[in-house]
1. Could you tell me whether the range 23-39 includes any residue that is in contact with a helix residue (DSSP H, G or I) (Cβ under 6 Å, 6 or more places away or on another chain) and more than 28 Å from ASP156 (Cα to Cα)?
2. Quick check on my filter: what residues within the range 154-186 are β-branched (Val, Ile, Thr) and under 19 Å from MET39 (Cβ atoms)?
3. Of these, LEU106, LEU83, which one is within 20 Å of LEU40 (Cβ to Cβ) and among the aliphatic types (A, V, I, L, M)?
4. What are the pairs with Cβ atoms under 6 angstrom where one residue, in the range 54-68, is on the phi < 0 side of the Ramachandran plot and among the polar types (S, T, N, Q) and the other, located anywhere, is assigned to a strand (DSSP E or B) and modelled with pLDDT of 95 or more? Sequence gap at least six, or different chains.
5. Taking the condition crowded, with 23+ Cβ neighbours inside 10 Å and under 13 Å from the mean Cα position of the chain (by Cα), does ALA55 pass?
6. Any residue at all in the range 72-84 that is under 16 Å from LEU131 (Cα atoms), in contact with a strand residue (DSSP E or B) (Cβ under 6 Å, 6 or more places away or on another chain), among the acidic types (Asp, Glu) and crowded, with 19+ Cβ neighbours inside 10 Å?
7. Here are ALA176, ALA166, ALA184: which of them is touching a Ser or Thr at 6+ places or on another chain (Cβ under 6 Å), surrounded by 14 or more Cβ atoms within 10 Å (Cβ to Cβ) and within 20 Å of ILE51 (Cβ to Cβ)?
8. Got a number for residues in the range 120-160 being among the polar types (S, T, N, Q) and without any contact (Cβ under 8 Å) to a residue 24 or more places away in the chain?
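The values are calculated or read from the model by the stated rules, or taken from the named source; none is laboratory data. Every value quoted in this text rests on a predicted model; they were computed, and no experiment measured them. Note that we place each Cβ from the backbone using ideal geometry, even for glycine, and neighbour counts take in every protein chain shown.
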Amino acid sequence: MRTSEYTRKTRETDITAQVNLDGTGKADINTSIKFLDHMLTSLATHSLIDIELKATGDLRHHIAEDTALVLGEALRQALQQDLRITRFADASVPMDESLAKCSLDLGGRPYSVIDLGLVNPMTEDMANEDLTHFMESLATSLRANIHIQVLYGDNDHHKAEAAFKALARCLRAATAIDPRRTEAPSSKGTL
């Protein structure tokens, strides 16, 4: 099984994540930000990646950012255990009136283009700018290309949830072992 545990402890946050890429989508998430917990539970459920994550910290912004950094690093470490992955994926996911598209490359080059189309300052108990920053920070620590666009929608909760579900579907597909591969999916021979 491709598993990893990663901890980050700073003066601002204390976060530990355990992941199992070959799981069933079990989630045990507690960040103290209820909407982030909801989004990460959805991410686990729809990626079939088991995620156990505990986070405490001084400010919600620091918790959201560092949670993304810790989760991305844990996922990256688990991926290193078998590089015969599919690597690329894309998915479109509807959530009621909203539609989100995600494209993902786990090739080791961190970059993100995130357009969630959020219009209000907050969704539930989380600042919308922190949702975008979460995705950007995840791309950096996972060393992935993550492109997410919410194509349309009226409800910020639905737009964000569609985006996380689209990311989850991409992670599920891109982390899957390709049975035809004998090495990393790159002409360089490594990711």
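1. For the range 23-39, residues in contact with a helix residue (DSSP H, G or I) (Cβ under 6 Å, 6 or more places away or on another chain) and more than 28 Å from ASP156 (Cα to Cα): absent.
2. THR175
3. The match here is LEU106.
4. Pairs found: THR56/ASP14; THR67/ILE15; THR67/ALA55.
5. no
6. no
7. ALA176
8. 1
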